[in-house]
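Peer 1: To start, I am sharing the structure in question, which I have written as structure tokens.
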Amino acid sequence: MDDSPALRVDGVTVEFGSLRAVDDVSLACRAGEVYALVGENGAGKTTLMNVIAGVVRSTRGSISVAGRPLPVGDTRAALQAGVGMVRQHHTLIPSRTVAENIVLGHEPRRGIFYDRRRAAELVAGLSSRFALPIDPNAVVADLPVGLKQRVELLKVLSWDVRIVILDEPTAVLPPDEASRLLDVMRGLAAEGRTVLFISHKLKEVVSVSDRVGVLRAGRLVAESAIVETSIPELASRMIGDDAAAAGAFLGVDEGAAARSARAGAGTPVLAVEALRVTDADGKQCVDGVDLDVAAGEITAIVGVEGNGQAEFMEAIAGIRDVASGRVSIGGTDVTGLDVEARRQGY
């Protein structure tokens with residue numbers, strides 16, 4: 001691996017009014033390296049990556065790529081310098097095809113006209129090269145979230161960037177898709193590209209990274225080779241030095257948890273029975289779900305995007321009609337009530 005920096009960040013600071021989102025951060029990444037950036041929500045990770053990608057203009061500091069200064073606040077200049085970013089939230093045009101999205105901004109042409117066939121051939125070549133199979137002619141709106149993520153990555157790689165930034169790339173992916181993406185990241189590094197990625201999934205960080213940096217309150221508070229750290233140590237650097245500090249950050253401790261459990265005993269404050277809900281197209285997206293939530297309890301609803309979580313919560317809140325089943329609050333059936341009635345105490 002070449003030890004000379006492919007990317008250097010020197011004293012970058014970003015201020016939004018009185019808020020200092022990034023505070024005098026300096027780091028250097030080599031070609032062929034996977035560099036992970038971790039930290040709490042709001043630590044400044046995405047803002048820093050947006051500065052590198054030209055999306056956000058820094059207040060102070062400088063960035064260089066392969067020893068050349070990078071213009072600030074210019075995404076096209078960043079792309080032309082070999083820096084591309086896959087953002088956490090999709091930036092695709094849903095009504096357009098995969099190929100049209102990927103070549104947007106550098107479309108192949110036959111004379112003055114867009115060359116649709118050549119675009120599809122280019123995308124097929126990229127898909128094969130990076131082991132990211134995709135139909136160039138598919139409409140993006142029809143794709144599941146995992147394939148949309150694939151399109152975003154191929155869109156960046158179509159510019160032949162040498163520095164690939166991934167912001168929470170596996171956040172909405174199922175395990176098999178996440179594993180495939182980690183393999184792609186290793187492959188990109190093996191080609192001599194630099195991969196920077198943001199993640200809260202520390203198991204992924206230690207499995208794929210060469211080095212890791214920890215941001216806290218906008219400052220780079222730690223940086224180390226991945227072989228010289230561990231998941232508990234990274235967690236400690238992110239949110240505190242011990243379990244008590246972590247508990248204080250989260251706002252809970254063992255006593256609070258026990259009190260919450262005792263308070264939650266008895267009749268559920270929310271009871272959902274055999275709930276079935278359909279989406280805007282009339283397709284069943286919630287199929288016979290039962291759920292009890294006790295007073296003083298925090299219940300998380302998780303799953304890959306598009307698996308009915310939003311519709312389930314909307315049905316509980318009264319925003320969406322239910323196909324069948326029952327929602328009770330405090331022992332009272334509120335299934336037929338609207339949002340206002342539920343808020344006013346049913």
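Conditions (1) of a type outside the set (D, E, K, R); (2) in contact (Cβ under 8 Å) with a residue 12 or more places away in the chain, marked per residue:
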residue	(1), (2)
170	yes, yes
175	yes, no
195	yes, yes
202	yes, yes
211	no, yes
226	yes, yes
231	yes, yes
234	yes, yes
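Peer 1: Pairs under 8 Å by beta carbon, first residue farther than 19 Å from residue 150 by Cβ in region 96-112, partner open to solvent by less than 30 Å² (accessible area, probe 1.4 Å) and among the hydrophobic types (A, V, I, L, M, F, W, C), six or more apart or different chains?
Peer 2: Close Cβ pairs (under 8 Å, with a partner that is open to solvent by less than 30 Å² (accessible area, probe 1.4 Å) and among the hydrophobic types (A, V, I, L, M, F, W, C)) amount to 107/119; 108/119.
Peer 1: Hey, another quick one. Going by what's in this entry, would residue 72 be described as free of Cβ contacts under 8 Å to residues at least 60 places away in the same chain, aliphatic (A, V, I, L, M) and either farther than 20 Å from residue 220 by Cα or surrounded by 23 or more Cβ atoms within 10 Å (Cβ to Cβ) (or both)?
Peer 2: yes
Peer 1: Identify all residues within region 108-157 that are within 21 Å of residue 190 (Cα to Cα) and not in a helix (DSSP H, G or I); write none if there are none.
Peer 2: Of everything in region 108-157, those that are within 21 Å of residue 190 (Cα to Cα) and not in a helix (DSSP H, G or I) turn out to be 130, 131, 132, 133.
Peer 1: Which residue out of 61, 84, 42, 32 is assigned to a strand (DSSP E or B) and either touching a Pro at 6+ places or on another chain (Cβ under 9 Å) or surrounded by fewer than 20 Cβ atoms within 10 Å (Cβ to Cβ) (or both)?
Peer 2: The conditions single out 61.
Peer 1: What do you reckon, is residue 49 assigned to a helix (DSSP H, G or I), touching a residue at least 12 places away in the same chain (Cβ under 8 Å) and open to solvent by less than 30 Å² (accessible area, probe 1.4 Å)?
Peer 2: So residue 49 passes the test.
Peer 1: Filter region 290-338 down to residues that are of a type in the set (Val, Ile, Thr) and open to solvent by 50 Å² or more (accessible area, probe 1.4 Å), then give me how many there are.
Peer 2: 6
Peer 1: Counting just the residues of region 173-208 that are of a type in the set (Ser, Thr, Tyr) and within 24 Å of residue 90 (Cα to Cα), which one comes out surrounded by the most Cβ atoms within 10 Å (Cβ to Cβ)?
Peer 2: The extreme case among them is 194.
Peer 1: Output yes when any residue across region 232-255 is small (Gly, Ala, Ser), surrounded by fewer than 13 Cβ atoms within 10 Å (Cβ to Cβ) and modelled with pLDDT of 90 or more, and no when none is.
Peer 2: no
Peer 1: Considering only region 133-157, how many residues are open to solvent by 50 Å² or more (accessible area, probe 1.4 Å) and either in contact with a Leu (Cβ under 8 Å, 6 or more places away or on another chain) or among the acidic types (Asp, Glu) (or both)?
Peer 2: So the answer is 3.
Peer 1: Between a residue in region 313-330 that is on the phi > 0 side of the Ramachandran plot and any residue that is open to solvent by 50 Å² or more (accessible area, probe 1.4 Å) and of a type outside the set (Ser, Thr, Tyr), which pairs come within a Cβ distance under 7 Å, given they are 6 or more apart or on different chains?
Peer 2: Note: pairs meeting the criteria are 318/337; 318/338; 325/273; 325/276; 330/269.
Peer 1: For region 97-107, give me each residue that is of a type in the set (Gly, Ala, Ser) and either buried (at least 20 other Cβ atoms within 10 Å of the Cβ) or in a helix (DSSP H, G or I) (or both).
Peer 2: Selection gives 99 alone.
Peer 1: List every residue pair whose Cβ atoms sit under 8 Å apart, with the two residues 6 or more apart in sequence or on different chains, where the first one lies in region 121-146 and is under 27 Å from residue 110 (Cβ atoms) and charged (D, E, K, R) and the second, anywhere, is outside any loop (DSSP other than H, G, I, E, B) and open to solvent by less than 60 Å² (accessible area, probe 1.4 Å).
Peer 2: Pairs that qualify, where the first residue is under 27 Å from residue 110 (Cβ atoms) and charged (D, E, K, R) and the partner is outside any loop (DSSP other than H, G, I, E, B) and open to solvent by less than 60 Å² (accessible area, probe 1.4 Å), are 135/98.
The values are calculated or read from the model by the stated rules, or taken from the named source; none is laboratory data. All values reported here derive from a predicted model rather than from experimental measurement. Note: ideal-geometry Cβ built from the backbone for every residue, glycine included; neighbour counts use all protein chains shown. Heads up: the accessible areas ignore ligands, DNA and RNA and are worked out on the full protein's heavy atoms, side chains in. Shrake-Rupley method; radii C 1.70, N 1.55, O 1.52, S 1.80 Å.
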